[in-house]
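The values are calculated or read from the model by the stated rules, or taken from the named source; none is laboratory data. Treat the numbers as computed from the prediction; the structure is a model and nothing was measured. Here Cβ is always computed from backbone atoms with ideal geometry, including for glycine, and neighbour counts include all displayed protein chains. What goes into the accessible areas is simple: the full protein's heavy atoms, side chains included, and nothing from ligands, DNA or RNA. Shrake-Rupley method; radii C 1.70, N 1.55, O 1.52, S 1.80 Å.
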Amino acid sequence: MAKELLKGNEAFAEAAIRAGVEAFFGYPITPSTEFLEHMARRMPKLGRAFVQAESEVAAINMVYGAACTGKRVMTASSSPGVSLMMEGISYIAGTEVPAVIVNVMRGGPGLGNIAPSQGDYYQMIKGGGHGDYFPIVLAPATVQEAVDYISLAFDLAEKYLSIVHVVVDGNMGQMMEPAELPPMREISDEIPEWAVRGAKDRDPNILTSIYIDPEDEEITNLRLLRRWKEVEKNEVRFQEYQMDNPEILVIGFGTAGRVASSAVRDARAEGIPVGLLRPITLAPFPEGRLEELCDQVQRILVVEMNSGMMLDDVQKIVKGKVPVEFYGRLGGVTPLPDEILDEIRRVSKNEGEISGDPRDEWMDRLEKMRTGDQ
Amino acid sequence: MVEAKTEVIYQRPESFTDVHTHYCPGCTHGVAHRLVAEVIDEMGLREKTIGVAPVGCSVFAYNYFEMDFVEAAHGRAPAMATGIKRVLPDNTVFTYQGDGDLASIGIAEIMHAAGRGENLTVIFINNAIYGMTGGQMAPTTLPGMKTTSSPYGRDVELAGYPLKMAELLAQMEGSGYIVRRSLHDASNIRKAKKAIRLAFEAQERGLGFSMVELLSSCPTNWSMSAQEALGFVEEKMLPVYPLGDYKVTPALQELRV
Amino acid sequence: MEETSIIISGFGGQGTLFAGQVLAYAAMDNGYEVTWIPSYGPEMRGGTAHCTVIISETLIGSPLVRYPDIVLALNLPSVDKYEPLMPENGVLIANSSLVNREFERQEIRTLLLPANQIAEDIGMSRLANMVMTGSMVKMEPILTMEMIKAALEEHIPERHRETLSMNYKALERGYAFAEKELG
Ligand SMILES: Cc1ncc(C[n+]2csc(CCOP(=O)(O)OP(=O)(O)O)c2C)c(N)n1
Ligand code: SF4
């Protein structure tokens, strides 16, 4: 199929349709609304279910119900809406049914703004909802990658009976970029044995997240953890760029990683030996690869559109073997390539130890730059 | 210098700030704001009033009212207002909400605020659409009406029927004053103002939950001129949303303002 | 050209986003990598609208830039904003119908053209965006006139299809103006 110039949100929605999503439930919110609007146009024509729910709380519980039937189902929203979904997400995780949730992240906390952000990192990666569970989190950085990974998201959700979050930011939702959509997949008529479709010729299926006896809950939690270990073993994905003998390693995901790749290219042109690691699965994190790289590089620069949330995960893996520095923009501000290039230059000259939290010095630099900005 | 004799026929209410609003030309949000500000001035309530802004086009309502304001999460204004009123029972507390905010995501909060008979005033802007997010279907969207999330027209089989909030809330025993008015012409605007006055009077007298539903226009997302949009309110919305007094407690019926 | 960044900026309603899309389509149809990213949100409500288009021979990293190679500024605030950010040898084209000042930077390539007036002469004031685009093709021929016309023909919304020839004319008039001014 030929490439088309597609708006992010619409491409993501169409990718889900091509992957065989049978029901979409959502509620409008900028900057993800075009996703819902595309579903409103397409799903009724295909005879599939579309409901604009009364709220995100209702939407995720519609997803929960539909997921229990074993059909492919999903929702898409943006940060405040995803916050409202967290209870339902926890129930879905506890019931061990598959569901795909797309979060087109925006600036926060609170009502914040509608500008692109990565401030939901903790919420998405560390669970967000209550209880012991482990969502799979995919963070594509181009429209094409998102199209491909939304198909994969359904497969992973079904394989591991898991929540799969696809996280992008408002830039990705709003931008247009050529991408090739996959062909329309046949809707599978296989019925998972756990699904509720009427207990004809079999014992009733009960889908619930209640385990009133803690011993039973413990067994369930263990099962989820075992399953997660399988995910960690099999599903790590990342991309590398300019990795011939880098002395400096930049790590960034999504838009921040993408912007960083331009800065890395320009830094290489200046002769700075720098490479980029861009995690595509944030959970599971490319831990093994980062450990290997720690033996090869002399310094690490983490770039994010938040206050250093992935930074914490990186530091946990690096364990002080290599100095780690941080550069972030907050509140819906996207860093531009020249800012990151300046950071790479700075890091390339800086040979000293880094004492304490790399955020401390970054905050000072950012404040200085901001006052200089004005 | 010759002193000209002028008579002031319109003056900016004290409760209304002197700034240009961010609303689209021809939007009736501005009219509704002015009416609320005038009533608060006339009743001398400005200094003890606390407003609760919604999430919707009027999210920045607090820029236009010269009084204390808070900004709620989408749909939760009646809960936030309840919190304020319960700890400051002598203050005047009102929410200002659109139809997505009040009738969709926030329907639980509004029903329960009325059910508890919270002494609050609610100004409810029914423009049959989601303005701020760019024209999606609201629970109040008319059957057959095209929006960006009902692109083939609202199909009541799939997307349900319009919710009639004034009628619904009038059923609650805790509500004291529930009416529907319209902002499509001058005489209706006058009636709307009187209703807003009575709603605040109800609160001041502790007569329970009060709400004024105002039929409003959204020329931008209806893709109409300001004038056409007012015509749409009159011709298309009035038949679905009849104006009227849905509940007026006896104590208010005797009140003359 | 390895990678070129273009910002088209003006008031909402001046067709800046669409002009950017036409460039993006033309680039894609001719085998380039491309990204198009709009301003969205409160800024648009405030009345300004701009988009960034990156056209490249290789995979595009950042879809956003601080220092654009080319700027089409359809109003004064856009000139004020981008003139200081132009790189040396950058191209800044301003719509003199709405920009009542000279450029301050000497070492960049500039053009003042009365895009509104030219569009009105053609009989369609909405086409100032295409006039600007036409002049760009003359000043920095990363895409040819044929490529842009083909993209327009392919992607113009159906409801505007009857204005296609007017769009072509606007492109040509912009091109001709630049040719005359710059020799
Ligand atoms: C939890 C949550 N979901 C969705 C949104 C996005 N949102 C903002 S305003 C709005 C609807 C506004 O419509 P309405 O209440 O009718 O007010 P209007 O803009 O028409 O005045 C929505 C869905 C949000 N801010 N928060
Ligand atoms: S979008 Fe509609 S409701 Fe919002 S300000 Fe404009 S006209 Fe008013």
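Remark: the stretch A:354-364, residue by residue, has Karplus-estimated 3J(HN,Hα) of 10, 9, x, 7, x, 5, 4, 6, 4, 4, 4 Hz, where x stands for each Gly or Pro and the curve is 6.51 cos²θ - 1.76 cosθ + 1.60 at θ = phi - 60°.
The overall shape of the stretch A:85-156 is oblate: from the C-alpha gyration tensor, with semi-axes ordered a ≥ b ≥ c, the ratio a/c is 1.5 or greater and a/b is no larger than b/c.
Expressed in Å, the radius of gyration and Dmax of the Cα atoms of the stretch B:29-253 are 16.2, 49. The mean count of C-beta atoms from other chains within 10 Å of the C-beta of residues in C:66-73, rounded to a whole number, is 1.
Per residue of peptide A:29-41, the mean number of Cβ atoms on other chains within 10 Å of the residue Cβ is 4.
Can you give the longest stretch of chain C with no exposed loop site, where a site means GluC sites (Glu not before Pro) in a DSSP loop (not H, G, I, E or B) with at most 12 other C-beta atoms within 10 Å?
Of all site-free stretches, the longest is C:108-183.
Projected label points at residue A:4 and residue B:87, each 7 Å from Cα along the beta carbon direction, are separated by 5.3 nanometres. Along chain A, the exposed loop sites are GluC sites (Glu not before Pro) outside DSSP states H, G, I, E and B with at most 15 other Cβ atoms within 10 Å, and the longest stretch free of them is A:1-179.
Compute the longest continuous run of chain B that contains no exposed chymotrypsin sites (Phe, Trp or Tyr not before Pro); treat a site as exposed when its DSSP state is not H, G, I, E or B and it has at most 16 other Cβ atoms within 10 Å.
Longest run free of exposed loop sites: B:11-151.
Apply 1/(1 + (r/R0)^6) to the Cβ-Cβ distance of residue C:104 and residue A:270, taking R0 = 30 Å, and write down the FRET efficiency to the nearest 0.05. The calculated FRET efficiency here is 0.55.
Legend: calculated FRET efficiency, residue C:160 to residue B:187, from the Cβ-Cβ distance at R0 = 51 Å, rounded to 0.05, equals 0.80. With all pairs of different C-alpha atoms in the average, the Kirkwood value for the hydrodynamic radius of the stretch A:4-234 is 17.7 Å. Note that the stretch A:160-177 has calculated 3J(HN,Hα) couplings of 10, 6, 9, 5, 10, 8, 10, 10, 9, 10, x, 4, 5, x, 9, 7, 10, 7 Hz, one per residue in order, obtained from phi through the Karplus relation 6.51 cos²θ - 1.76 cosθ + 1.60 (θ = phi - 60°); glycine and proline are x. With the convex hull constructed from alpha-carbon coordinates only, the protein assembly as shown shows a mean projected area of 42.1 nm² over all directions. For the stretch A:275-297 versus the stretch B:38-113, the spacing of their alpha-carbon centroids is 49 Å. Which of A:293, B:158, A:322 sits closest to the plus end of the dipole of the protein assembly as shown, meaning its Cα is farthest towards the positive end, when Lys and Arg get +1 and Asp and Glu get -1 on the C-beta? Most positive-ward Cα: B:158.
Remark: chain C carries a charge dipole of roughly 540 debye about the Cα centre, counting +1 on each Lys and Arg Cβ and -1 on each Asp and Glu Cβ. Taking the alpha carbon gyration tensor of the stretch C:77-183, multiplying each eigenvalue by 5 and rooting it gives semi-axes of 25, 15, 12 Å, largest first. For the stretch A:217-232, take each phi angle, set θ = phi - 60°, evaluate the Karplus expression 6.51 cos²θ - 1.76 cosθ + 1.60, and give the result in whole Hz per residue in order, putting x for glycine and proline. Calculated HN-Hα couplings, in order: 5, 4, 4, 5, 4, 5, 4, 4, 5, 4, 5, 4, 4, 4, 4, 4 Hz. Only beta bridges with both residues in chain A are counted; by DSSP, about 25 percent of them are antiparallel. Take the Cα of residue A:87, step 7 Å toward its Cβ, do the same at residue A:312, and the gap between the two points is 2.5 nm. If both residues of a DSSP beta bridge must be in the protein assembly as shown, then about 35% of such bridges are antiparallel.
Note on residue A:155 and residue C:67: the model spin-label points, each 7 Å out from Cα along the C-beta direction, lie 4.3 nm apart.
Positive-end ranking of A:231, A:137, A:174 along the dipole of the stretch A:4-234, with charges on Cβ about the Cα centre, is headed by A:174. Only DSSP H runs of four or more residues enter the estimate; each adds -39500 (n - 2.57), and after division by the residues of chain B the mean residue ellipticity at 222 nm equals -8500 deg cm²/dmol. Among rounded, prolate and oblate, which fits the stretch C:3-182 when a ≥ b ≥ c are the square roots of the eigenvalues of its C-alpha gyration tensor, a/c under 1.5 means rounded, and a/b larger than b/c means prolate? Since a/c stays below 1.5, the shape of the stretch C:3-182 is classed as rounded. Averaged over the residues of B:146-153, the number of partner chain Cβ atoms lying within 10 Å of the residue Cβ comes to 5.
For the stretch A:238-371, the gyration tensor built on C-alpha atoms gives a rounded shape. Its axis ratio a/c (a ≥ b ≥ c) stays under 1.5. The largest accessible area among C:169, C:180 belongs to the first residue in C:180, C:169, and the rest follow in falling order (1.4 Å probe, all chains). Within the listed set A:110, A:131, A:20, the residue fluctuating most in the Gaussian network model of chain A (springs between alpha-carbon atoms under 10 angstrom) is A:110. Pairs with C-alpha atoms separated by more than 18 Å, drawn from the list A:71/A:159; A:71/A:233; B:85/B:247, are A:71/A:233; B:85/B:247.
In this structure the amide hydrogen of residue C:92, modeled in the peptide plane, comes within under 5 Å of the amide hydrogens of C:71, C:109, C:110, C:111, none closer than 5 places in sequence on its chain. Its Cα centre serving as origin, the protein assembly as shown has a Cβ charge dipole (Lys and Arg +1, Asp and Glu -1) of approximately 1840 debye.
Quick one: if the Förster radius is 35 Å, what FRET efficiency do residue C:57 and residue C:176 give, using the C-beta to C-beta distance and rounding to 0.05?
0.75
Loop-located GluC sites (Glu not before Pro) in the stretch B:119-207 (DSSP state other than H, G, I, E, B) with a sparse environment of at most 16 neighbouring Cβ atoms within 10 Å: B:173.
Placing a label point 7 Å from the Cα of residue A:245 along the Cα-to-Cβ line, the residues of the stretch A:289-321 whose backbone N sits under 20 Å from it are A:292-300. The charge dipole of the stretch A:4-234, taken about its Cα centre with unit charges on the Cβ of Lys, Arg, Asp and Glu (plus for the first two, minus for the last two), comes to roughly 360 debye.
Our estimate of slack between residue B:42 and residue B:155, defined as 0.36 nm per intervening residue step minus the Cα-Cα distance, is 36.2 nm. Close amide H contacts of residue B:145 (hydrogens built in the peptide plane, cut-off under 5 Å, sequence separation of 5 or more or a different chain): B:154.
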